[in-house]
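Only the coordinates and a few stated rules stand behind these numbers; no lab work does. Not measured: the values here are computed from a predicted model. Note that each Cβ is placed from the backbone with ideal geometry, even for glycine, and that neighbours are counted across all protein chains shown.
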């Protein structure tokens, strides 16, 4: 995994495609069919990942980069 120095500046507004790109860049083969939806309530994460640790790390990265809360982490661990 890359260092936090490789993360984009989270002071800039982000969109779902930017967040998806950050996550896929970090986790490559550990995430499949990944998507981010930004709603009025917060962020919804969907897709498949390889472990609960990956699921949690994705949630933390997305929340940090977006400055929004993750209201639903629907990533499936398989």
Self-check item: Taking 40, 50 and counting other C-beta atoms within 10 Å, the order from fewest to most
Solution: 40, 50
Self-check item: Per-residue Cβ neighbour rank within 10 angstrom, fewest leading, 54, 39
Solution: 39, 54
Quiz prompt | Cα pair distances of region 14-77 binned at 10 Å [whole percent] | solution = 25, 63, 12, 0
Self-check item: Fraction of antiparallel bridges per DSSP, region 14-77 only, in percent to nearest 5
Solution: 45
Quiz item: Most exposed first by the Cβ proxy, i.e. fewest other Cβ within 10 Å, how do 27, 52 rank?
Solution: 52, 27
